[in-house]
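Just so it is clear, none of the values below were taken in a lab; they were calculated from the coordinates. The model shown is predicted, which means the values in this text are computed figures rather than measured ones. Here the Cβ is made from the backbone with ideal geometry for all residues, glycine too, and neighbour counts use every protein chain on show.
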Amino acid sequence: MARNQFLFEKSKMVIPGGVNSPVRAFGSVGGTPLFFERGKGATVWDSEGKAFVDYICSWGALVLGHANEKVVDAIIQAARTGSSFGAPTEAEFELAEIIVKTFNSIEQIRLVNSGTEATMSAVRLARGFTKRPKIIKFEGCYHGHVDSLLVKAGSGALTFGQPDSDGVPLGATADTLVLSYGNFEELENAFDRHGDDIAGVIIEPIAGNMNLIKPPENFLQFLRNLCDKFGSLLIFDEVMTGFRVGLQGVQGLMGVSPDLTALGKVIGGGLPMGAFGGRSDIMQKIAPAGPVYQAGTLSGNPIAVAAGLATLRQVVEPGFFDAISSFTEKLTKEIEKSGAKYNVDICAQAIGSMFGFYFAKSVPQNFSEAIALDKQKFRIFFHEMLAQGVYFAPSPFESGFTSISHGTKELSKTSKALDSAIHKVSSTV
Ligand SMILES: *Cc1c(COP(=O)(O)O)cnc(C)c1O
């Protein structure tokens with residue numbers, strides 16, 4: 001038995017589904033997940049020694065690529081000097097300061113251990129600050145596995161949500177209203193009907209968890225205005241887009257400021273970390289400054305903070321996003337070029353260091369268009385890319401990620417693989 005298969009079978013015996021997070025199991029595409037042994041720059045090697053160009057980059061976390069020298073040195077140094085104190089350290093303040101200086105909307109920030117914790121705490125804070133119960137979220141946006149956000153739309157647009165997972169009680173989602181991403185009218189109606197009870201609205205301001213989808217023009221500003229009118233807080237979940245689409249996340253690109261921002265992924269430099277921050281009058285409500293409880297034994301962990309700092313110090317250098325965006329643009333052009341060559345409907349878009357590609361005539365605008373993408377073509381494409389040594393996300397509903405280590409060599413390997421994979425799609429479907 002091949003080594004990946006062997007490891008998967010062994011893992012399945014002691015780990016549910018053989019993986020520690022569901023998408024890793026290749027459920028959408030079938031086949032055996034790769035077990036990785038090593039990564040350097042833009043390349044990863046699996047347990048069978050095969051090399052792949054990595055376009056997942058730890059689901060966005062590794063914006064510098066794998067095993068960046070400065071990050072590795074920082075981790076080693078931090079490990080040598082004590083891995084956890086459960087007490088404040090100077091580096092935490094330095095990391096907080098970089099983020100506060102970078103994001104205009106963030107005056108104070110609290111470090112946590114994952115994106116899930118960040119959104120969960122931001123929602124609790126919005127409720128505590130406004131003393132209101134209800135939250136609006138959008139279909140297709142993922143905010144981690146928080147009970148109140150694991151919710152699907154109710155039977156009508158203005159009925160409250162239903163749990164989207166067994167184990168989430170009705171009560172946990174009873175105050176969450178789920179609306180269609182980018183639908184102005186639904187949003188306005190929801191505020192007209194429930195505005196005085198709405199604590200906040202949480203949104204991926206560019207959605208990266210239903211493939212990569214931009215909101216319609218002016219949607220975020222419309223949302224900002226409604227939140228202001230009704231005294232509700234606007235929460236941007238930039239766990240994925242923060243330090244990815246541009247230096248100041250989507251809020252910098254689109255010029256709309258949230259009250260609270262959730263961050264994660266890149267800020268931990270490949271170690272577990274999340275954060276939430278925003279206006280200081282709101283953040284002052286967090287314990288011990290205020291009455292909204294939030295805590296964590298390993299929050300601000302010295303090794304994670306060291307990795308995050310070593311990462312962000314490189315990311316904030318002038319020219320970083322120009323370089324990474326230029327690579328990502330070239331990649332998406334190559335994808336579209338192969339589609340045109342073989343007459344396959346595929347389109348692509350790049351936003352900073354994130355990209356999406358879609359087996360469709362045009363880029364989808366919302367969740368229902370995203371789930372209508374051609375899954376059969378995707379499956380064939382995915383497996384051929386993998387066979388050619390290019391590792392894309394194993395699902396048509398995920399974004400792609402590049403790193404600053406991706407360059408000419410990776411692009412040329414990817415182009416060759418694309419030619420073969422799109423040809424295969426054109427001849428088998
Ligand atoms: C990844 C992600 C999360 C959850 O972060 P975890 O660290 O996996 O808990 C939340 N929101 C968005 C937008 C994400 O992409």
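For the chain, what is the charge dipole size about the Cα centre, in debye to the nearest 20, if Lys and Arg each add +1 at the Cβ and Asp and Glu each add -1 at the Cβ? If you can, show how the numbers build up before the last one.
Values: 39 positive and 43 negative charges, 167 e Å.
The dipole of the chain has a size of about 800 debye.
In Å³ and rounded to a whole number, note down the convex hull volume per residue for the Cα atoms of region 104-172.
Details: hull volume 8.5 nm³, N = 69.
It comes to 122 Å³ per residue, whole-number rounded.
Distance in nm between label sites at GLN314 and LYS333, each 7 Å beyond Cα in the beta-carbon direction?
It is 2.6 nm.
Under a 10 Å cutoff between Cα atoms, tell me which one of SER105, SER165, SER395 has the largest fluctuation in the Gaussian network model of the chain.
Looking only at SER105, SER165, SER395, the largest GNM fluctuation is found for SER165.
In region 69-315, if the dipole is taken from +1 on Lys/Arg beta carbons and -1 on Asp/Glu beta carbons about the Cα centre, which of VAL256, LEU223, ASN301 is farthest to the positive end?
ASN301
Give, in whole angstrom and from largest to smallest, the semi-axes √(5λ) of the equivalent ellipsoid of region 290-376, with λ running over the eigenvalues of the Cα gyration tensor.
Values: eigenvalues 278, 91, 21 Å².
The answer is 37, 21, 10 Å, longest axis first.
What translational diffusion coefficient, in µm²/s and rounded to a whole number, does the Stokes-Einstein relation yield for the chain at 37 °C and a viscosity of 0.692 mPa s, taking the hydrodynamic radius as the Kirkwood radius over Cα pairs? Present the calculation step by step, with values, prior to reporting the outcome.
Numbers: Rh = 22.2 Å.
For these conditions, the coefficient is 148 µm²/s.
Using 0.36 nm per residue of separation minus the Cα-Cα distance, give me the extension gain between GLU90 and LYS131 in nm, one decimal. Don't skip to the end; give the middle numbers.
Details: separation 41, 0.36 × 41 = 14.76 nm, distance 3.39 nm.
Full-extension gain reported as 11.4 nm.
Mind checking which of SER58, PHE93, THR81 is farthest towards the positive end of region 50-96's charge dipole, using Cβ charges of +1 (Lys, Arg) and -1 (Asp, Glu) about the Cα centre?
SER58
Given springs between every Cα pair under 10 Å in a Gaussian network model of the chain, which of LEU226, LEU125, LEU64 has the largest fluctuation?
Result for the chain, Cα springs under 10 Å: LEU226 fluctuates most.
For region 354-429, run through the trypsin sites (Lys or Arg not before Pro) and keep only the ones in DSSP coil with at most 13 other Cβ atoms within 10 Å of their Cβ.
On the way: sites: LYS361, LYS375, LYS377, ARG379, LYS409, LYS413, LYS416, LYS424; in loops: LYS361.
Answer in residue order: LYS361.
Given +1 on the Cβ of Lys and Arg, -1 on the Cβ of Asp and Glu, and no further charges, what dipole in debye does region 69-315 carry about its Cα centre, rounded to the nearest 20? Each step should come with its number before you reach the end.
Values: 20 positive and 26 negative charges, 62 e Å.
About 300 debye.
Any idea what the relative contact order of region 69-315 is, in percent, if you count C-alpha pairs under 8 Å spaced at least 6 apart? The partial results should precede the final answer.
Values: 506 pairs, mean separation 73.9, N = 247.
Once normalised by length, the contact order is 30 percent.
Could you work out how far apart the two model spin labels at GLN162 and GLU97 are, taking each label as a point 7 Å from the Cα in the direction of the beta carbon, and quote it in nm?
Roughly 5.2 nm, to one decimal.
At 27 Å minimum axial length over the Cα atoms and a Kyte-Doolittle cut of -0.5, report the qualifying DSSP H helices in the chain, or say none. Each step should come with its number before you reach the end.
Values: long enough: 320-341 (32 Å, -0.41); 408-428 (30 Å, -0.57).
Correct list, ordered by number: 320-341.
Quick check: residue separation of ASP197 and ASN20 times 0.36 nm, minus the Cα distance between them. What number comes out in nm? Let's see the in-between values first.
Working: separation 177, 0.36 × 177 = 63.72 nm, distance 3.71 nm.
Extending this stretch completely gives an extra 60.0 nm.
Starting from the 7 Å offset along Cα-to-Cβ, what nm value, one decimal, do you get for the label separation of GLN221 and LYS70?
3.6 nm
Choose one answer from GLU94, GLU398, GLU107: the residue with the largest mean-square fluctuation in a GNM of the chain with alpha-carbon springs under 10 Å.
GLU94
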